[in-house]
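Below: one structure, written as structure tokens.
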Amino acid sequence: MTASEPLDLAWRYSLFEAIYGRRSRRFGLGFEMPTGPFRYKSTHAPLPLTELEEALLVGAGAGFTGLALWDLPTPAPYSRRSGRAFPTTHPGGQTALFFTNDEGFYVLDDDVAASKPREIESTEERGKLLEIYRAQRRTLKPGRLDIPRRAPTMSGHDHWDSNRPGSTLFMPVCDVSASLISLIAQFVDPALRRYAAGGRGMNIVDDRHGFRPAGTERWLKDGLIDAEQVLPLSIVERQACYYVFSEPAAICQNMFLATEAIGLGGWKHCGFLSLGILERMGFRIVPAASGGLFGNPIGLDGVFEASCPPYHASMDAAVDAAFSRRASAETAVVPHRMSEADHRAGTVRLSAEGLACTKAVCNYIYETYGRFPATTDAMHLMWVMQAHHIDTDYYDRFFGANAYGSTHAAHMANWHR
């Protein structure tokens, strides 16, 4: 079998076969389940995923698939760094993919831009996945990430199988802080034509402090904000979470489906206390104010940083940085037939008043609560996806042939000659 044949086999695999064949297959080569009715010790040594296997999973979960159409009545003021394998409200997404295997702990650098409407169009181009994976993968430290096998950092039922030798553990972390800044602007600035209806912005109030204006007094007087259109701050922060929480879930699900096409085992799980894992990853945790027990994870220095101090001198600077990233230079390649100048003629942009009001709300949050966001973490790790080579002997003993598919049965012959 040539190097391209495994790629072709995976590419031709039916989506509906993957959906209906998808199962959590937790028992991998070299694993041991020490207790319970299915207790078993593998007679095989652990077998790590190959670079190509990891590249396919990364490409399925977080790859650049091509230029997004952005078929909207008002062009968004975003660069075209979009067209991801997962759905997102922002070009490029607001999620960073971290992962660990026997060799190291890595992050996928977001430094690849789509170059055409469909990035991989021919069989010859499928090899791009490995090239892009190698270019994006950045080693953060050697060796497998040490995640304590104790509760509550890791749930007791996952101690025996999660992050074991031979496995690759994918950990998508999403940034709520940047989402919150964007959403505040959309609520207060009518110029963006999003949520501010009737030519006036919404009145964001702090429902944890007597429903007082959340820094918007000046704009209530000036008329930018409609006092009658009340929006509690807790709802704004909740909505900011909704905007980004779908990203890591979709990344993990895409990878899960790809394991079916490749013939790998694994499962998507959330049996952990994320703060403990983020600490082991090296994330900066800002201590809780007023003697609280849990701090706010705000980022990994120089790798993935939240839109708040100390990564920015002030919340004003954080807001400026968030919008300068969104307004970065356009690529020359576009997916539509009209010129880029014609398409961009109707672009909506944040007004000067909207920007100032957005900064005021963000400053109110930071000064009132001593953190940003106020009541939710800046960074979230909710799901992880593990992939490994399944031990078919285990499944044959306890479950029978229907416990895995043809790709799993033929995986060693097809991928490890």
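Quick notes
- Exposure of TYR195 as accessible area (Å², to 10), given a probe of 1.4 Å and all protein chains: 90
- Kirkwood-based Rg to Rh ratio, the range 1-113, C-alpha trace: 1.07
- By average C-beta atoms within 10 angstrom, highest first, the peptides 33-39, 349-355, 83-89, 249-255: 249-255, 83-89, 349-355, 33-39
- Segments 105-117, 162-174 sorted - mean Cβ within 10 Å per residue, highest first: 162-174, 105-117
- Computed over the chain: relative contact order in percent, which uses C-alpha pairs under 8 Å that are six or more apart: 25
- Of all DSSP bridge pairs formed entirely within the range 188-320, close to 60 percent run antiparallel.
- Stretch gain in nm, segment HIS159-THR368, where the contour uses 0.36 nm per residue and the Cα spacing is subtracted: 71.2 nm
- Computed from phi, the 3J(HN,Hα) profile of the range 142-159 under the Karplus parametrisation 6.51, -1.76, 1.60 (θ = phi - 60°) reads x, x, 5, 4, 8, 9, x, 8, 8, 7, x, 3, 10, 4, x, 6, 10, 4 Hz, with x in place of Gly and Pro.
- Using a probe of 1.4 Å on the protein chains alone, the accessible area found for THR50 is around 50 Å².
- Rounded to whole Hz, the Karplus (6.51, -1.76, 1.60) HN-Hα couplings of the range 354-367, x for glycine and proline: x, 5, 5, 5, 4, 4, 5, 5, 5, 5, 4, 4, 5, 6
- Per residue, the solvent-accessible area of the range 198-239 (1.4 Å probe, heavy atoms of protein chains only, all protein chains present) comes to 52 Å².
- Between VAL333 and ASP320, the modelled label-to-label distance comes to 3.4 nm, taking each label 7 Å out from Cα in the direction of the beta carbon.
- Of all lysines in the structure, the ones whose alpha carbon falls short of 17 Å from that of LYS128, not counting any fewer than 8 places away in one chain, are LYS116.
- Axis angle, to the nearest 10 degrees, between helix 233-262 and the longest C-alpha principal axis of the chain: 20 degrees.
- With the charge dipole of the chain set up from +1 on Lys and Arg Cβ and -1 on Asp and Glu Cβ about the Cα centre, the Cα lying farthest toward the positive end among the listed residues THR35, VAL319, THR216 is that of THR35.
- What the phi angles of the range 211-223 give under the Karplus curve with 6.51, -1.76 and 1.60, with θ = phi - 60°, is a coupling list of 6, 6, x, 8, x, 9, 3, 4, 7, 5, 5, 6, x Hz, glycine and proline written as x.
- Rounded accessible area of ILE262 (nearest 10 Å², 1.4 Å probe): 10
- Student exercise, the range 21-62 dipole from Lys, Arg, Asp, Glu Cβ charges, in Debye to nearest 20: 380
- Segment ASP8-THR375, extension gain: residue separation times 0.36 nm, minus the distance between their alpha carbons: 127.4 nm
The values are calculated or read from the model by the stated rules, or taken from the named source; none is laboratory data. What you are looking at is a predicted structure, and each value in this text was computed from that prediction instead of being measured. Glycine gets a Cβ as well: all are built from the backbone with ideal geometry, and neighbour counts include every protein chain shown. When the accessible area is computed, the model is the full protein with side chains, heavy atoms only, and any ligands, DNA or RNA have been set aside. Shrake-Rupley method; radii C 1.70, N 1.55, O 1.52, S 1.80 Å.
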